[in-house]
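These notes concern the structure reproduced below.
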Amino acid sequence: MTTVVCPGSFDPVTLGHLDIFRRAAELFDDVIVCVVANPNKQGTFTISERKALIDEVCADIPGVRVDSFYGLLVDYCREQGATAVIKGLRDSTDYDYELPMAHMNRSIAEIDTVFLPTRSDLSFVSSSLCREVTRLGGDVSHLLPGPVATALKERLG
């Protein structure tokens, strides 16, 4: 069985994230979506709220489970028996940001990174942009899973 980890802050999880989770589940047996605790960011949703939202919207995807961690990603991957990290890429900026981390993960723990390009119709979607538009009264419900759009609007709208 091949286990992979798909880490991120997912604050909130978007349709772009969900697409990556679905596609990863088609390629690998066990996909762990990990909500990363980043001490440098104050989240809109707590870690447990993000996990609950992801659990809800991924309930119909076989092979996907949700967890969280704090610390080195490679340590978490080893604990879970994961052989790779899955990262979605929207553009070259994402690639430039992710590539050094991929090299570091391979260097210190022989954990590979698999990059999946985002669907072109979702390539502009980001959690931060969805939060900003919602905060300013805009509607991004077409870019988020239904329960997430509702939760974000209740939190920020």
Exercise. For region 137-152, indicate whether the set of residues that are modelled with pLDDT of 95 or more, within 17 Å of Thr2 (Cβ to Cβ) and open to solvent by 60 Å² or more (accessible area, probe 1.4 Å) is non-empty.
Key: no
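Looking at region 5-18, can you tell me whether even one residue there is over 11 Å from the mean Cα position of the chain (by Cα), in contact (Cβ under 8 Å) with a residue 12 or more places away in the chain, more than 24 Å from Met104 (Cβ to Cβ) and surrounded by fewer than 22 Cβ atoms within 10 Å (Cβ to Cβ)?
Checking region 5-18: not a single residue is over 11 Å from the mean Cα position of the chain (by Cα), in contact (Cβ under 8 Å) with a residue 12 or more places away in the chain, more than 24 Å from Met104 (Cβ to Cβ) and surrounded by fewer than 22 Cβ atoms within 10 Å (Cβ to Cβ).
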Quiz item: Got at least one residue in region 33-44 being hydroxyl-bearing (Ser, Thr, Tyr) and in contact with a strand residue (DSSP E or B) (Cβ under 9 Å, 6 or more places away or on another chain)?
Solution: no
Self-check item: Considering residues of region 57-88 that are open to solvent by 50 Å² or more (accessible area, probe 1.4 Å) and among the aliphatic types (A, V, I, L, M) only, the residue nearest to Ser123 (Cα to Cα)
Solution: Ala59
Self-check item: Pair list, Cβ under 6 Å, 6 or more apart: region 68-85 residue at pLDDT below 95, other residue surrounded by fewer than 19 Cβ atoms within 10 Å (Cβ to Cβ) and not charged (D, E, K, R)
Solution: Tyr70/Ala37
Exercise. May I ask you to verify whether Val35 is touching a residue at least 12 places away in the same chain (Cβ under 8 Å), touching an Asp or Glu at 6+ places or on another chain (Cβ under 9 Å) and in a strand (DSSP E or B)?
Key: yes
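The values are calculated or read from the model by the stated rules, or taken from the named source; none is laboratory data. As the structure is a prediction and not an experimental result, all values here were calculated from the model. Counting neighbours? That spans all protein chains shown, and the Cβs are built from the backbone with ideal geometry, glycine included. Just so you know, the surface numbers come from the protein's heavy atoms only, side chains and all, with ligands and any DNA or RNA stripped out. Shrake-Rupley method; radii C 1.70, N 1.55, O 1.52, S 1.80 Å.
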